[in-house]
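The structure appears right after this line, and notes come after that.
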Amino acid sequence: DYVTRMLNEFPRKFNEGETQETPAGGNLFEPGKGGLLEPERKEIFHSFVAKSLFLSKRVRLDIGPTVAALASRVREPTQGDWKKLVRMMRYLYSTQGMHLSLRAYDLHIIKWYIDASFAVHPDFKSHTGSTATMGEGVIQTMSRKQKLNSRSSTEAELIAVDDAITQVLWTKLFMEAQWYPVEENILYQDNMSSIL
């Protein structure tokens, strides 16, 4: 219902056949091209980014990275940023039936997938992404720009783990407070230098 309301309120209407396979393109972190949005559209941009932020934290975790990037543009959004918002809204239109489904295979095992994209932001900062699962579906996710610059992808990966480690530890403590002792809190990493 929330997605339907957003789509009804959005000024750009989508046709039955319009689809979008992903919420963002390859230029997500690039600065938006074109002139600044006029005040009325800037207000709409800000409003829909805020609504999307609420949605991405509740049931549509798949739009998290896109929302994180758009949220960094709300002060001075450009025509290019507007196109990125339209793409995300078209994706929501295409995937209205999607929802969060969770299934835990074992309440004593949490698996974390933490990764970094090196120097993807205009100021050469990297981006952190993390997800946690106990079987099927994601129980926690995070997508955000790193606060400091790194000199290599290995360093960016280590910063990503540092960004997410509070969630990793808090989730373990939360589960144990519910009387489910965590036997394995596994962190998956894809950078061999960081692993070493």
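Numbers at a glance
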{"read-out": "Residue check, ILE114 touching a residue at least 12 places away in the same chain (Cβ under 8 Å), in a strand (DSSP E or B) and within 19 Å of SER56 (Cβ to Cβ)", "value": "yes"}
{"read-out": "Pair list, Cβ < 9 Å and 6+ apart or interchain, from the stretch 175-187 residues that are farther than 17 Å from ILE165 by Cα to residues that are basic (Lys, Arg) and not in a helix (DSSP H, G or I)", "value": "none"}
{"read-out": "Subset tally (residues that are among the charged types (D, E, K, R), out of contact with any Lys or Arg (no Cβ under 9 Å at 6 or more places or on another chain) and closer than 17 Å to ILE139 by Cα) for the stretch 150-187", "value": "2"}
{"read-out": "Count - residues of the stretch 139-149 that are under 18 Å from the mean Cα position of the chain (by Cα), surrounded by 12 or more Cβ atoms within 10 Å (Cβ to Cβ), part of a loop (DSSP other than H, G, I, E, B) and of a type outside the set (A, V, I, L, M, F, W, C)", "value": "1"}
{"read-out": "Enumerated helices (runs of 4 or more DSSP H) restricted to the stretch 1-74, each holding at least 2 residues that are open to solvent by 30 Å² or more (accessible area, probe 1.4 Å) and over 30 Å from ILE139 (Cβ atoms)", "value": "39-58"}
{"read-out": "So SER101, is it assigned to a loop (DSSP other than H, G, I, E, B) and open to solvent by less than 20 Å² (accessible area, probe 1.4 Å)", "value": "no"}
{"read-out": "Selected residue (criterion: surrounded by the fewest Cβ atoms within 10 Å (Cβ to Cβ)) from residues of the stretch 161-180 that are of a type outside the set (A, V, I, L, M, F, W, C) and outside any loop (DSSP other than H, G, I, E, B)", "value": "THR166"}
{"read-out": "ARG87, sole failed condition from (1) at pLDDT below 95; (2) under 29 Å from GLY137 (Cα atoms); (3) open to solvent by 60 Å² or more (accessible area, probe 1.4 Å); (4) among the charged types (D, E, K, R)", "value": "(1)"}
{"read-out": "Residue ID - farthest from TYR113 (Cα to Cα), chosen from residues in the stretch 181-196 that are at pLDDT 95 or above and surrounded by fewer than 16 Cβ atoms within 10 Å (Cβ to Cβ)", "value": "PRO181"}
{"read-out": "Counted residues, the stretch 150-160 - those being open to solvent by less than 30 Å² (accessible area, probe 1.4 Å) and either of a type in the set (Ser, Thr, Tyr) or touching a Phe, Trp or Tyr at 6+ places or on another chain (Cβ under 9 Å) (or both)", "value": "3"}
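Residue-wise test of (1) touching a Pro at 6+ places or on another chain (Cβ under 9 Å); (2) farther than 30 Å from LYS13 by Cβ.
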| site | (1), (2) |
| --- | --- |
| MET88 | yes, no |
| HIS99 | no, no |
| TYR113 | no, yes |
| MET134 | no, yes |
| VAL138 | no, yes |
| ALA156 | no, yes |
| VAL161 | no, yes |
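Every residue, every condition in (1) touching a Cys at 6+ places or on another chain (Cβ under 9 Å); (2) free of Cβ contacts under 8 Å to residues at least 12 places away in the same chain; (3) of a type in the set (D, E, K, R), yes or no:
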{"site": "LEU28", "(1), (2), (3)": "no, no, no"}
{"site": "PHE48", "(1), (2), (3)": "no, no, no"}
{"site": "ASP81", "(1), (2), (3)": "no, no, yes"}
{"site": "ARG90", "(1), (2), (3)": "no, no, yes"}
{"site": "GLY97", "(1), (2), (3)": "no, yes, no"}
{"site": "ARG103", "(1), (2), (3)": "no, no, yes"}
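The values are calculated or read from the model by the stated rules, or taken from the named source; none is laboratory data. Since this is a predicted model, take the numbers as computed values, not measurements. Because the Cβ atoms are built from the backbone with ideal geometry, glycine has one as well, and the counts that use them run over all protein chains shown. Ligands, DNA and RNA are stripped out before the accessible areas are found, and what is left, the full protein with its side chains, is counted by its heavy atoms. Shrake-Rupley method; radii C 1.70, N 1.55, O 1.52, S 1.80 Å.
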